[in-house]
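Following: one structure in structure tokens, then a few remarks.
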Amino acid sequence: PSLVVEFPIDGEENTSLLAWTTTPWTLVSNLALAVGSEISYVKVFSKEHGKHYILAKDLVGAHFKDEESIEVVQDCKGKDLIGKTYLPMLPYFEDRKGQGAFRVLEADFVSTADGTGIVHMAPAFGEDDFLTCKKAGIDLVCPVDGNGRFTEEVSDYQGLLVKDADKEIIRRLKESKRVFSASTIQHRYPFCWRSDTPLI
């Protein structure tokens, strides 16, 4: 599954950062978002949704097919977004906000090749995420055990294999109106050569 999700910005009514992920289960552990400091971003008003969204300027056409359906209200560089804070996607690690989590960070690996130009960061599940968050002083959370199942920290999905939780998490995010768009894409994924099961 491929999701573009909405991260509402603190103090900016009806305005969300749009971030893309192909691993919805990692949204449980989201602690930051990353932008490229010199990438051009725009704030658009969507007439269809009645909301403002921020994403990379070069990727607007990929997410808003009808130019007449949006109005560009602001241009900026990624460096102008760094430090902005947003509402956590799910409640499990909300207490980390007081420790500097749930803010926009700068990262040189962010590109406009696909997605939205804004990267969702779950530092326990990606090397780039880990290094970027560590540099920013954000400690990781890892609510997944050695068998790939959610731990008691994530009470709603405790014991569930993370890949099996994708559908439940997507449904929940749709209900809370945090999903901008959802689709399915084919992409490479690592599998264990012995058991032919997906690696986490």
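Some points to look at:
- Residue selected from region 168-200 under the condition aromatic (Phe, Trp, Tyr) and open to solvent by less than 70 Å² (accessible area, probe 1.4 Å), by the criterion modelled with the lowest pLDDT: Tyr189
- Residues that are assigned to a helix (DSSP H, G or I), open to solvent by 60 Å² or more (accessible area, probe 1.4 Å) and not basic (Lys, Arg), drawn from region 155-167: Ser155, Asp156, Asp164
- Subset of region 145-154 [open to solvent by 70 Å² or more (accessible area, probe 1.4 Å) and in contact (Cβ under 8 Å) with a residue 60 or more places away in the chain]: Glu153
- Elements of the type strands (runs of 3 or more DSSP E) sitting completely within region 14-114 and holding at least 2 residues that are under 26 Å from Pro1 (Cα atoms): these cover 15-21, 32-35, 40-46, 51-56, 103-106.
- Filtered residues of region 73-84 (kept if crowded, with 16+ Cβ neighbours inside 10 Å and either in contact with a Phe, Trp or Tyr (Cβ under 6 Å, 6 or more places away or on another chain) or small (Gly, Ala, Ser) (or both)): Gly78
- Every pair of residues 6+ apart whose Cβ atoms lie under 9 Å, when the first sits in region 33-62 and is closer than 16 Å to Phe180 by Cα while the second is of a type in the set (Asp, Glu) and in a strand (DSSP E or B): Lys43/Asp75; Val44/Glu71; Phe45/Glu71; Ser46/Glu71; Lys47/Glu71; Lys51/Glu6; Tyr53/Glu6
- Lone unmet requirement of (1) touching a strand residue (DSSP E or B) at 6+ places or on another chain (Cβ under 6 Å); (2) closer than 21 Å to Phe125 by Cα for Arg96: (1)
Residues are listed down the side, and each one gets a yes or a no for (1) at pLDDT 95 or above; (2) closer than 21 Å to Asp128 by Cβ; (3) surrounded by 19 or more Cβ atoms within 10 Å (Cβ to Cβ):
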position: Ala32; (1), (2), (3): yes, yes, yes
position: Ser37; (1), (2), (3): yes, yes, no
position: Phe45; (1), (2), (3): yes, no, no
position: Asp58; (1), (2), (3): yes, yes, no
position: Ile70; (1), (2), (3): yes, no, yes
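- Some residue of region 89-108 being within 15 Å of the chain's Cα centre (by Cα), closer than 29 Å to Ser37 by Cα, open to solvent by 20 Å² or more (accessible area, probe 1.4 Å) and touching a residue at least 12 places away in the same chain (Cβ under 8 Å): yes
- Single residue of region 111-125 satisfying the filter (over 18 Å from Ile9 (Cβ atoms) and open to solvent by less than 20 Å² (accessible area, probe 1.4 Å)) that is modelled with the lowest pLDDT: Gly115
- Criterion violated by Lys77 - all others in (1) under 18 Å from the mean Cα position of the chain (by Cα); (2) modelled with pLDDT of 95 or more satisfied: (1)
- When residues in region 117-143 are screened for being closer than 30 Å to His63 by Cβ and either among the acidic types (Asp, Glu) or not in a loop (DSSP other than H, G, I, E, B) (or both), 14 of them pass.
The values are calculated or read from the model by the stated rules, or taken from the named source; none is laboratory data. Only a predicted model underlies this, so the values are computations on that prediction, with no experimental measurement involved. Cβ atoms come from the backbone with ideal geometry, glycine included; neighbour counts cover every protein chain shown. In case anyone asks, the SASA skips ligands and DNA or RNA and just uses the protein heavy atoms, side chains included. Shrake-Rupley method; radii C 1.70, N 1.55, O 1.52, S 1.80 Å.
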